[in-house]
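The values are calculated or read from the model by the stated rules, or taken from the named source; none is laboratory data. Not measured: the values here are computed from a predicted model. Note that each Cβ is placed from the backbone with ideal geometry, even for glycine, and that neighbours are counted across all protein chains shown. For the accessible areas, the whole protein counts, side chains as well, though only heavy atoms, and no ligand, DNA or RNA atoms are used. Shrake-Rupley method; radii C 1.70, N 1.55, O 1.52, S 1.80 Å.
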Amino acid sequence: MTSSNGNGNGERKLSHVPRHVAIIMDGNGRWAEARGLDRSEGHAEGARAVRASVRTAREQGIEYLTLYAFSIANWARPRPEIDRLMELLVEFAVKEKAELRENGVRVKVVGELEDLPTFARRAVEDSVAYTADCDKMTLTLALSYGGRRDIVDAARALAVRARAGLVLPEEIDEEFFHREMSTREVPDVDLLIRTGGESRVSDFLLYEAAYAELMFVPFMWPDFDKKYFLSALEDYASRERRFGKTSEQVKEGHSFDPLDRARARAGAS
Ligand code: FPP
């Protein structure tokens, strides 16, 4: 994991880092239960892991980090647990915004921020505004987020515009469609990590992770420290991403352009 030919901190220099890393932060509850603690303690420890991961991502030059902080499905949790998660979110937004800004990290949100209680929404909006001109990394918090809902909302918005004659159906390609989604400002996911030992994507970034490298790690989120993050990045750097091409084509340097698919289809028709 570490080597001397690195950046002076004993860390190996990665051959390439993913531009966009998305993380499903699972396992807070089990982490706490395994220690005889309340689930809320697991979330508090999870919030510490969030801070550490943001720092690591920034240090490693990752441009986009997207965290699944609260899904639509999470509204079904017991009210006290939801309240604690909202408090932790506010604590993060309030306490971290200065450091985020100092480090050039811009905060963004995907999902339905309006679904959150007012005190939480305001705190998040404030950190978004406070960091708006930062340009080193974008930290996107998925809040009251669901991938299917985002796709359906985009489809509905386009249908409304098409009915009004503002959009022609033949204009709608993958890029055009993405511009209607709440994730319009983030590029495709390169690496999707899920902690907690489950191997599913749970409605996270369904459209944007179409070509992502998936990594399911057995550790609970509160344990996912810098060492594990770096080892996930090393694993990513060792993978060959082919995007439907052959290994030879990739080695010959055919780059991936998502629009290739649309162009190939247009050329074939
Ligand atoms: C899943 O663990 C985690 C969540 C539902 C929320 C993630 C929230 C945090 C990491 C803390 C606060 C967030 C920020 C951005 C400061 P789980 O409860 O489903 O764990 P389990 O599967 O073991 O029950």
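So that you can scan it fast, the table gives a plain yes or no per residue for (1) within 11 Å of Trp221 (Cα to Cα); (2) among the hydroxyl-bearing types (Ser, Thr, Tyr); (3) open to solvent by 40 Å² or more (accessible area, probe 1.4 Å):
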residue	(1), (2), (3)
His20	no, no, no
Ile23	yes, no, no
Ser40	no, yes, no
Ser71	no, yes, no
Trp75	no, no, yes
Pro78	no, no, yes
Practice prompt. Can you confirm whether the range 232-253 contains a residue that is open to solvent by 40 Å² or more (accessible area, probe 1.4 Å), among the basic types (Lys, Arg) and modelled with pLDDT of 95 or more?
Written response: no
Item to complete: Search the range 28-68 for residues being touching a helix residue (DSSP H, G or I) at 6+ places or on another chain (Cβ under 8 Å) and among the polar types (S, T, N, Q), and hand back the single one that is nearest to the ligand (Cβ to nearest atom).
Response: Asn28
Worksheet, complete the sentence: Taking first residues from the range 48-76 that are in contact (Cβ under 8 Å) with a residue 24 or more places away in the chain and second residues anywhere that are open to solvent by 40 Å² or more (accessible area, probe 1.4 Å) and within 13 Å of the ligand (Cβ to nearest atom), the pairs with Cβ under 8 Å that are 6 or more apart or on different chains are Ala49/Asp223; Tyr68/Ser202; Ser71/Ser202; Ser71/Asp203; Ile72/Asp203; Ala73/Ser202; Ala73/Asp203
Worksheet item: How many of the residues making up the range 174-201 are outside any helix (DSSP H, G or I), among the charged types (D, E, K, R) and exposed (fewer than 15 other Cβ atoms within 10 Å of the Cβ)?
Response: 5
Item to complete: Name the one entry in Glu91, Glu102, Glu87, Glu96 that is of a type in the set (Asp, Glu), open to solvent by less than 50 Å² (accessible area, probe 1.4 Å) and either within 10 Å of the ligand (Cβ to nearest atom) or over 23 Å from Asp190 (Cα atoms) (or both).
Response: Glu96
Worksheet item: Do you know which residues across the range 134-173 are closer than 28 Å to Leu230 by Cα, of a type outside the set (Lys, Arg) and either at pLDDT below 95 or open to solvent by 40 Å² or more (accessible area, probe 1.4 Å) (or both)?
Response: Asp135
Fill in: Members of the range 116-139 that are within 15 Å of the ligand (Cβ to nearest atom), farther than 23 Å from Val189 by Cβ and in a helix (DSSP H, G or I)
Phe119, Ala120, Arg121, Ala123, Glu125, Asp126
Worksheet item: If you take the residues in the range 153-199 that are β-branched (Val, Ile, Thr) and within 16 Å of the ligand (Cβ to nearest atom), which one is farthest from Pro222 (Cα to Cα)?
Response: Ile193
